[in-house]
Each structure stands twice: as structure tokens, then as C-alpha cells.
1. Kindly indicate the residue of the range 194-210 that is assigned to a loop (DSSP other than H, G, I, E, B) and modelled with pLDDT of 95 or more and also farthest from the chain's Cα centre (by Cα) among those meeting that condition.
2. Could you grab me the full set of residues in the range 154-174 that are part of a loop (DSSP other than H, G, I, E, B), closer than 18 Å to Ser193 by Cβ and not hydroxyl-bearing (Ser, Thr, Tyr)?
3. Determine which single condition Met74 fails, assuming it passes every other condition in (1) farther than 20 Å from Phe31 by Cβ; (2) touching a Ser or Thr at 6+ places or on another chain (Cβ under 9 Å); (3) in a helix (DSSP H, G or I).
4. For the range 5-48, name all the residues that are among the small types (Gly, Ala, Ser) and over 22 Å from Met115 (Cβ atoms).
5. Answer yes or no as to whether Asp62 is more than 17 Å from Gly127 (Cα to Cα), among the acidic types (Asp, Glu) and modelled with pLDDT under 95.
6. Cβ contacts < 9 Å: first residue in the same structural domain as Lys35 (by TED's automatic domain parsing), restricted to the range 54-70; second residue in a helix (DSSP H, G or I) and among the polar types (S, T, N, Q), any location; separation 6+ or different chain. Result?
7. From the list Ile170, Ile162, which one is of a type in the set (Val, Ile, Thr), closer than 15 Å to Ser214 by Cβ and touching a Lys or Arg at 6+ places or on another chain (Cβ under 8 Å)?
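The values are calculated or read from the model by the stated rules, or taken from the named source; none is laboratory data. Remember, predicted model here, so these are calculated numbers, not experimental data. Here Cβ is always computed from backbone atoms with ideal geometry, including for glycine, and neighbour counts include all displayed protein chains.
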Amino acid sequence: MEKLIIFGNGFSAEVVAKIVLDSKNYEIICFTVDKKYIKQKKIFGIPVIDFETVKKKYKKKDCSIFIATGYSNMNKIREKIFKNIKKIGFKIVSIIHPKAILPQDFKYGKNCLIMNSVNIHPLVKIGNNNFLWPGSIISHHVKVGNNCWFTSGSAVAGNTHIGNNCFFGINSTITNNLRINDYSFVGARALVSKNLKKKSVVISPEDLKHKLDSLQFTNFLSNNF
């Protein structure tokens, strides 16, 4: 069984670990974060080791890494970790729940999390480091960039292009044939029926745009992912 290191020790890391433990596709050998962020010695009985030690202790050819951190700062923290680990040379894998609904032609990048009940239509392509939570829907001919976060129940209609570092809140809806540019934040239950410029914030009711850009707006949000 292939050995896996999970980078992260928050809620996202715990969710990923449960998927891996249930599916038994990998053997989790440890969790890892930078030393100053270590909160506990073990998660689910698996050791938490600082990343400097991991780099010295484990050979790159012998194990893979999945980065399971949250959407803070419009996913930029997870993006930075992804780039750093890729540069170091560890193999980065994606985690796909066995009950996700995926077509045979589905193309996805590295470090993607695709959970149960995610529904991907044919002719979809997504980049690296995208997280899709249960019940999210990506319709036909949709293209997604890198470092995006699709919360449960979010839906993207056909032939829409989504940029990098976007966030889609619970039960948000993107209609078809749109272009959602980088760093767009779409809040819970929001309906988007127009193209979004870079760093847009859309919150319910329909197409209401916030006066702050997405990076400023998310500074007010707190999460433990």
C-alpha cells in the first residue's frame, strides 16, 4: 500500500484522513505542519511531525503528500504550500472519494480533493489544488483553474470558465456560459448570472456585489480549516 503524508492538522486534514482510512487506498504514516503550528502529537492515533523532520526522515520516492489545508486568504496559503512541496520534489496526489460521480473523460490535476456525492459531468477539466465538497456539481464543458474551493451544494452550469483561487459558498449557483475571474468570492446561496471580474465578491441576494474585494472580505472570516 502506498504511503501518504497529510500536510495539515485542522478540520480539512481530519476529513481527508477519514476518507483515506475508509477507502484504504493509502497508508497514512503521519500528519505534518510547520513546527510552530503543531497543536497535538497525534490525530486518530497517527503522529503529527514537523515538516523539517519529515523532509529528513522520509525519502521522496517512498511516500506521497496531500496538502489538506483550508481556503484562508482565498486559498493562497494552500497554494503556497503546494508550490513549496512541489519544488522540494515530493509526489503530490489527489484524493478521490469512491462514491464521487465522475465520467471516464474527467481530467484533474494534483492535490485535488473530490468527496462523496460530487457530480462531475462529461468534458470537464480542473487544474491543481481544487477542493470539491459533497453535493457540489460541475456541469459539462466547465474549465476550472487552480486553487479553488467548492463548498457543499455549490453548482456550476455548463461551459463556464472559472479562474484561479475562487471560493463558492454552500448552495451557491453559477449559471452557464460565464467567465468567473481569479479570486472571486461567491457567498452561500448566491446566484451569479453575469461574468465576474477579478477579486469580485457576490453575496445573496442575486448578484449583489460587496464594496470590498475578495481578499479584503475574507479577512473578516474565521475558520479552522
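1. Only one residue fits best here, namely Lys194.
2. Passing the criteria: Ala157, Gly158, Asn159, Gly163, Cys166, Gly169, Asn171.
3. (3)
4. Selection gives Gly45 alone.
5. When the stated conditions are applied, Asp62 passes them.
6. Listed by first residue and then by second, the contacts come to Ala68/Ser12; Thr69/Ser12; Gly70/Ser12.
7. Result of the check over Ile170, Ile162: Ile162.
Let's see how each residue does on (1) at pLDDT 95 or above; (2) under 12 Å from the mean Cα position of the chain (by Cα); (3) surrounded by fewer than 22 Cβ atoms within 10 Å (Cβ to Cβ):
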{"residue": "Met115", "(1), (2), (3)": "yes, yes, yes"}
{"residue": "Leu132", "(1), (2), (3)": "yes, yes, no"}
{"residue": "Ala155", "(1), (2), (3)": "yes, no, yes"}
{"residue": "Ile162", "(1), (2), (3)": "yes, no, no"}
{"residue": "Cys166", "(1), (2), (3)": "yes, yes, no"}
{"residue": "Asn171", "(1), (2), (3)": "yes, no, yes"}
{"residue": "Leu178", "(1), (2), (3)": "yes, no, yes"}
{"residue": "Tyr183", "(1), (2), (3)": "yes, no, no"}
